[in-house]
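Since every read-out is calculated from the coordinates, none of them should be taken as a lab result. This one's a predicted model, so the numbers in the text were calculated from it and none came from an experiment. A quick note on method: Cβ atoms are made from the backbone with ideal geometry, for glycine too, and the neighbour counts reach across all protein chains shown.
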């Protein structure tokens, strides 16, 4: 990365980005449900010593493989159980994804394109956001990207056969780690995209360069042991994980995540901000300019096939979430970086002008967030959060204005640098400001209130709910009462860990000498009608916590 900055300047920039990138991992409270869930599962691994069978609230939980659980559990063992250690894997794999994009871009398209690609990726809204939220998507994106990029590097001259073999083995290892991160998509998506590319390019000789035998052996050596151990310990795993979590989720609306085919259109438009128009410009030009060749590997065409395939694949799926588009972004950044290396400043200015206007609109609309609230308590939280959003919008607007002025003067690199850093900083301000509204989606205030009342062996219950963040903060699991949701499968396997109805709960509660129960506020009157001995120890507009009198 030499364009625009000295070597020392680039190292200072990397250091500055790292500070911004990792600075607020501990500051922000966990968001339910995902962050609570993925912080708690590795905590229970550490507490139980069982690193084979994932558990949530002490119930078997087979939705996802264990790689991120393991990594987070190691962080807990090394640094303690904190918010920042629960998010470390997502943030670290996101940051490594930036470095991987730079290295691959430099090898394939040159230093200038690599520099631009890294700046674009590190300032894209969806990529930055998902690198700072504790879900499994950034980890699997990193390993899928590593596999794709290693495959491309393996096919490029002037690598010798041993070097090509090394890159391909790295690709196979990366796909194995992707499978251990989030399941079979780690190999199905790359494998299908590669087959489509080969069919389009008619480059069937590429199959001979994949090192299928040694690659598959390495793939199985990495990911097969855990699957063997977990199925040996849990015979029900195969049906739940391979059939339900993969086939059923993709082909049906069973999980309640069904969205129309156009669901990802606004996600892609917003997720690529502030580079959305540049993205569309790049994709159209890549399709037009990339030359079909039956002899040479075409990285631009391969990246384009991957981007389109991922978008279409998840668009036809019966289960959709915004983060599913994340694997598109590093390959897309490479193409956009290559385009940016040759684009005229005037053309880039025109592509960014609508985004500048949008930043101005964001500044004017931010103070109105409270109007989105459904009730007064929510309005107060949104009003407090609006100040953070407005500050972030002002940072974004300032960066866009300065960048636009620099482009008018012909300083393309400086403009991209300013807009990238400003956008990254603005996104981090928005994320950090979540604490102002966290009370609605985080239970730390409940945990801190009841912690002094909890004794080591005291029974704890959650009735008609499961507040995902409280177990992590209390370092305790709960017995669920008349609630299953995502833990229904685990309850089916171990029904003794659950109380099916509040009527069955009533005699159990009466027999306790000490106990605590958390419930939604509308549930409390139902328990009162059963004349249970209860004392309210906490109450707000969402939850009531009672103790055994």
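General remarks:
- Length-normalised contact order for the chain - Cα pairs under 8 Å, 6+ apart - percent: 17 percent
- Spherically averaged projected area of segment 309-440 from its Cα convex hull (nm²): 9.9 nm²
- Largest first, the extents of the alpha carbon coordinates of segment 1-56 on the three principal axes equal 51, 24, 15 Å.
- For residue 270 and residue 239, the difference between the fully extended length at 0.36 nm per residue and the C-alpha to C-alpha distance is 7.5 nm.
- Compactness of segment 33-150 is given as radius of gyration and Dmax, 16.1, 51 Å, from Cα positions.
- Sorting 457-466, 100-109 by their mean Cβ neighbour count within 10 Å, with the most densely packed peptide first, gives 100-109, 457-466.
- Relative to the longest principal axis of the Cα atoms of the chain, the long axis of helix 299-315 lies at roughly 30 degrees.
- Cα gyration tensor of segment 444-548 - equivalent ellipsoid semi-axes, whole Å, descending: 19, 17, 14
- Computed label-point distance, nm, for sites residue 204 and residue 353 using a 7 Å Cα→Cβ extension: 5.1 nm
- For segment 160-234, the C-alpha radius of gyration divided by 2.2 N^0.38 Å, with N the number of residues, is 1.23.
- For segment 477-514 and segment 50-88, distance of Cα centres in Å: 24 Å
- Percent antiparallel among DSSP beta bridges (both partners in segment 444-548, rounded to 5): 55 percent
- Between helix 67-79 and the chain there is an angle of about 70 degrees, using the helix long axis and the longest principal axis of the Cα atoms.
- Mean residue ellipticity (222 nm) of the chain, computed from DSSP H runs ≥ 4 via -39,500 (n - 2.57), nearest 500: -19500 deg cm²/dmol
- DSSP-defined antiparallel bridges as percent of all bridges, the chain, nearest 5: 60 percent
- Helix 329-342 axis, angle to the chain major axis (alpha carbon atoms, nearest 10°): 30 degrees
- Classified by the C-alpha gyration tensor, segment 369-496 has a prolate form. Its axis ratio a/c, with a ≥ b ≥ c, is 1.5 or above, and a/b is larger than b/c.
- The mean sequence distance of close C-alpha pairs (under 8 Å, at least 6 residues apart), as a share of the length of segment 89-343, puts its relative contact order at 29 percent.
- Reference-scaled alpha-carbon Rg (2.2 N^0.38 Å with N residues) for segment 89-343: 1.00
- Equivalent-ellipsoid semi-axes of the chain, from the Cα gyration tensor, Å, largest first: 44, 30, 19
- Averaging Cα coordinates gives a centre for segment 166-226 and one for segment 327-400; these two points are 37 Å apart.
- Here the relative contact order of segment 90-132, from alpha carbon pairs under 8 Å that lie six or more residues apart, stands at 48 percent.
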